Amino acid sequence: MEAFLKLLLSQHVMLIDLLKAPILQYDVEDGSRLLRVAALDAGRPDIAMELGKAVADTGPDHLEGIPEVRPVVTSLRRYLQQVSLGRTSLHDDPTARQRLMEESAYLVAAQRWRHEAEELSARSVPGWNLQKMKLKKWMWEWYQAMSERVENEIPTLEEQERNKTSRRTGADFYVPDGIAPFLRLLSVEKIVTMTITELLRYSSGAEGGVRTTRAAITLGRAIELEHDAERNMLARFGQPAPVVTTSEGGLQELAALRQAARDETEKENGDHPPKWTQAVRARVGSFLLDALMDVAKITRVGIRPSNGEQVSEVQPAFAHTYEFMHGRKIGMIKFNQELVEQLSSEPIRDALHPRQLPMLIPPRPWIDVEKGAYMYSRTPVMRFKDSLEQSAFLRSASIAGHLESMYAALDVLGSTPWTINKPIFDVVLTVWNTGEAFAKIPPIGLNIQDPPKPADYDVNPGARRDYRNENHSIRCDVNYKMEIARAFLGERFYFPHNVDFRGRAYPVPPNLNHMGDDLCRGLLTFADKKALGERGFRWLKIHVANKFGYDKASFEERVNWTMEHLDDIYDSATKPLEGKKWWLRADDPWQCLAACLELYNALESPNPLEFESSLPVHQDGTCNGLQHYAALGGDGQGARQVNLDVGDRPADVYTFVADMVERRLDEAVAEGNEQAKVLQGKIARKVVKQTVMTTVYGVTFIGARDQIRKQLQAIPGLCHNEADAYNLAVYVARITLDCIGDLFSGARSIQIWLNQIALLISRSIPPERIERLMDNDKRVPRDTEDPEQHNKRTLAAIVREQMTSMIWTTPLGMPVVQPYRKQVKRQIFTALQTLFIADPNLPSEVSPRKQASAFPPNFIHSLDATHMMLTALGCRDKQLTFASVHDSYWTHAASIDDMSATIRETFVKLHGADILGNLLLEIEQRYHGYKIPVSVLKAQMNKKPKAGGPPSADGTAQAATEDKWAGSGNVLRISAKEFEKLSFSPGINLDFDAEFDAELEDVANEDTDLDAEALEEEEKPRRRKKSKEELAAPAAAEMAEEEGGTSKPTDDKVVPTRFVNLIDILPPLPPKGKFDIQKIKDSLYFFS
C-alpha cells in the first residue's frame, strides 16, 4: 500500500477524489484507513491528516451534540484534531492512531500556513477575517525565505568546518565545534518550521520577547528530540507494533511483556547519532534564530496624522537587543509590536505538541533509561537538568539490572486506563462557557476587571511580566484541560510515567492528569468498572465524606455523616447548578460532586451492591514525612500522632500541636504575658498546619514565622498592623517549633544526623584529588613564578576540589544524586551574540549548604517513593487497578480493603530493614578514603553553635553539652579531646591570606547554617575582612595546637593545613526507640 501511495503522489492524483471512485472495492472509510496507515509509513502525516478530514466530513461526528469549549487559546484545537480524526477513520486500530498523534506536527503546520496564505491572497471569501490571517501569511513568507537561506548556508558552513581556515566572521563562529552535521539531521523544511513555531511560543515573554540563551538552547533541544523521534520511527519501520504494557495480569505477565520489549529493541537499528551537548544546542539554535531574524519581515500599516493618508512600512519582525536585569546584561530577542498584537489574538505560543497528550494505547515497557513510554518519542525515565553525574549513575544502575523494580512499578502506573468523567465534564463545560468565575474556575470573559497593576509596572520588566502572566495564565490552563478533555471524551487512554531525581513518579503528559488540581481529578475516572459489593459501597460513602472535608472522624462516623446528608447529595447530583449547590462548600468541590454522582447512581440502581463503579477512591497518608521519620526512629510518641499506632479514631497531629501551643499560652497568661493574652484561644489547627507539615522538610524559624503570620493576619481583629502581626508571629513560631521538637524528638535527631552527614560529605575531597594537591605542592615554582602566588593557587584549589555530592541508593536500587552545585558558565560565540551557558560538562563545586539542608527531605521523599512503588507492584500482583499521587493511593471502591492491606504490608517490609544503618554502611563504602581539610573542619568547630530552631519562648538559650554531636542544626560539635584522637594525613603549605580566611568564615557561618537563607533577609552590617596581621596569630595557634606545642603569634603567613579521614568523623546513628513497626498492620487510620 505504501508503494501504491507513492505512485499516486508521483502522478499528482487527488487522493480524496480517488477514495470516492467506484473502481476501488473499499468504501470511503476503509480506503482512507489503509491509505492513512500507508501515509504514516511513508512519513507523510500531512496526507494522513487530510484523508482523515475527508472521512470526518462524510462520517458520523463522535462529538455531535457536545458544545465546543469557549476558547482562550484559539490555536490549541487544531493540534487536537489527530484525536478526533483518528477516531473516525482508524477506530479499529488504536496503535495507528497513537502513531498519528506522535507524528510531527511541524510538517502539518507548514502545510497549513501555505494553505491559509493562499486563501488569504484570494481576499474574496465572504466574512474572511483578514486581520487574523495576516499572521499566517507572514509565517508562510518567513518559511519560504528562511528555507532558501538555510539551504544555501548549510553547504557553505560545511565547507568552512572542513577547512577550518576561515576568519571568525559571520557563520565562522561555528567552526570549532562543527554544527553542520546536526543541521543535516532533519529536513530543511522541518527545522525551518520548528524555528518559527518554537520562537513564537515565547511571545508571552518579557514584554513580547525572550532571552536569547533560553530560546537558542530550547530550539536546539527541540531539534534533538525531533531527530530522536524520526530515528525511532525508521528503526521500527516494517516491524510489528511495539510491545506495550497492559493493565491486566500479574507481575509474571508484566515481566514477560518487558522481556518481549527488550527482544524487540535489540533488533532495532544500532546507529548512533552525533553527540549533542549544551554548547551544540546553543550554537544550532543561534544559527537558526539568526537566519529567521534576518529574513522575517512584517508590514505595518498606519495613518499619517497630517493628512489622514494610509501608509505602510516593511519592518523586521524581530530585533536583537540587550536589557539589564539584576545588574546583568541580558541578550533579548524582542518582538515587533505589530507582531505582538497579532499573537495576542492568535497565540501560537500556546500550541500544544501532540506528544504532550495522553496515550491511546498502553505505554511501552521501560527497559532502559530512555526506552519506554511513547511509541516513538524519546522520553527519559528520570527528570533532571543536564547532570552528567546523575546520568552516569543512572545508566550504570540500569546496565547492572538494579532498576528493574522501578521500571516495573512505572509500567504498572502507566498501564492504568482512564477516561473522561462525562457528567462532570458537562457541568464544567456549562460553567466555563458562561465566562463566569465558579468553583475555582477563573472567569474567561474579556471584560473581567484585571488585577491592579503593581506600583513599579512602568519601570520594572519583571513586574510587567508577572502582571501579564497572572492575568492570563490561569484561564489558559483551564482552557488546555477542557480542550483536551473534550477531544478525549469516550476514549480509553493512559498516562506514561517517569520519575524525578528522588524517585517520585509523575505522569509525563503535563496538562491533564490525575496529579493535577481538583478540577483535573474530578474530570478523570477509571476506564474499567468494578461492582461495589458491600465493602465497596461502604468505602464509597466514606469517600464522599472525605472529599467534602469530613475526614477527621472515625469511619463509622463518616458513613453516618454521608447518610445524614443524602438529601444534599441527591440535590447535588441531580441539580448541580440549579439546586442548593451544597457540593460547592466542599474542600474539593469537583471531586466531591463526582463522588455524589457516583453514590447517587449506585443508590438509584436496582442493586447498589452490584453497581459497576469506576470512580477512584483514595487512601491518604497522615503527614507522610513524619510517618517515615517516626518509623525510622522507632518513636512511639510520634507514631501515635501520625496513626502508625493502633487507635479507635484517627489522630490529627495538626490539632494536637495546636492544643499544645494553646496550653503553653495558658501557662504564659498565668504568668502575665501580654502577647499570650492576645493570642489565647485563637490558635486553631490551620494556624500551625503548614509549619508542622514542613518541619520534615527543614523549615527554618524565619519560614515558620512567615507561615504563621499569614494565618494570624487572617483572624479578624487580631492584628492591627504589620508590626503586631510580626511580633505575634515570632512569639507563636517559637512556641510552635518548641512543641514540635518535644513531640517529634526522634524525627528531629534523625534530621540533624542527616544534615551533618551531608555537610561533611559535601566538604570532602576524593583521595586521588588529595594526591594531586600534594604533587602540586611539591612542585618547585618556576624562576618566573612568585612562590607566594604558588601557595595562593594551591590554597584556592582546596575550595575548588570540594565537588562531592550527597549520593545514596533507594531500597529499590535507584541511585539518587543531589544536583546542588555552583553553576559554571561557558562562553559560546555565535553569529547572534555571545552566549553564557551553564555547562554541565565542566567540573563545578557543590553548594554545601544546599546539599546539607536538602538531604533530609530528599531522603524522606525517596523512601516515600519507594513505598509507593512497592505498593504498586503489590497491587499488580493482586490484579488491582492502582494510581497514586505521591502519598495518596487510588483504586476502585471494591478494592480498597485489598489495597489497604498491601499499603501496610509494604510499609512494614520497607521499614523492617535497617534503613539508616544501611545508609551509613553505603556512605562508609562509597566515600572510603575521602578527606576533609582540617582548616575547614576547625572553622566549623570554632563556630558558635546555633539552635536548629529559634530561642525558646522565654528567651533562655539552650544549654551546651560536651557530647561529640550535641546541639542541633548543622553545626559540627567535636571536643578537642576527640579531635586529638583523629589521624591526619601529611600537610601542604597554604597561604592564609585575608581573602581566603573570609571565604572560610563564609563556609562556617553560612554554609553550615540551616537558617542561612532566612538570615539573608535580615539587615546586618557587612563583616569586615580581617587583615593579614590579624590572621597570622590564629593560624599559627592552630598549627601549634596540631603539633602539640604552645600557641604563639607569628608573622609567617604560610601555615600547613592537613586532612582528616571523612569516615573517622561521621556521627553515630541516633538512638532508636522501641515502637513495634508491626502495629501498623492493625492501624485502621494509617492510610485512610
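The values are calculated or read from the model by the stated rules, or taken from the named source; none is laboratory data. Bear in mind the structure is a predicted one, so any value in this text is a computation, not a measurement. A quick note on method: Cβ atoms are made from the backbone with ideal geometry, for glycine too, and the neighbour counts reach across all protein chains shown. We work out accessible area using only protein heavy atoms, side chains counted, and drop any ligands, DNA or RNA first. Shrake-Rupley method; radii C 1.70, N 1.55, O 1.52, S 1.80 Å.
Using the Cβ-Cβ distance between Thr277 and Thr834 with R0 set to 30 Å, the FRET efficiency works out to roughly 0.95. All alpha carbon pair distances within region 530-613 were sorted into 5 Å bins beginning at 0; the resulting P(r) in whole percents reads 3, 18, 27, 26, 17, 8, 1. The distance separating the Cα centre of region 377-408 from that of region 473-535 comes to 25 Å.
Where the accessible area of region 530-613 is counted over protein heavy atoms with a 1.4 Å probe, how much of it, in %, is carbon and sulfur?
Heavy-atom surface of region 530-613 belonging to carbon and sulfur, 1.4 Å probe: 47 percent.
Distance between the modelled labels on Asp914 and Asp648, one decimal in nanometres: 4.0 nm (7 Å Cα→Cβ projection). Here the extension length gained between Val301 and Ile715 equals 143.4 nm, from 0.36 nm per residue of separation less the Cα-Cα distance. The mean accessible area for residues of region 636-743, using a 1.4 Å probe and ignoring ligands and nucleic acids, is 45 Å² per residue. Once both labels are positioned 7 Å from their Cα atoms along Cα-to-Cβ, the gap between Gln879 and Glu370 label points is 3.9 nm. Each peptide in 179-186, 398-405 receives the mean, over its residues, of other Cβ atoms within 10 Å, and ordering these scores from highest gives 179-186, 398-405.
Across all directions, the average flat footprint of the convex hull enclosing the Cα atoms of region 589-745 is 12.9 nm². Measuring between their Cα centroids, region 724-762 and region 559-594 lie 41 Å from each other. By accessible area, using a 1.4 Å probe on protein heavy atoms only, region 636-743 has 48% of its surface on carbon and sulfur. Rolling a 1.4 Å probe over the protein heavy atoms leaves Tyr506 with an accessible area of roughly 50 Å². Solvent-accessible surface of region 530-613, taken per residue with a 1.4 Å probe and all protein chains present: 43 Å².
Relative protection proxy for 899-912, 550-563, 517-530, from highest mean packing down: 517-530, 899-912, 550-563 (other beta-carbon atoms within 10 angstrom).
Arranged from highest to lowest average of other beta-carbon atoms within 10 Å per residue, in what order do the peptides 870-883, 289-302, 631-644 appear?
Top of the packing list down: 631-644, 870-883, 289-302.
For region 832-930, the C-alpha radius of gyration divided by 2.2 N^0.38 Å, with N the number of residues, is 1.59.
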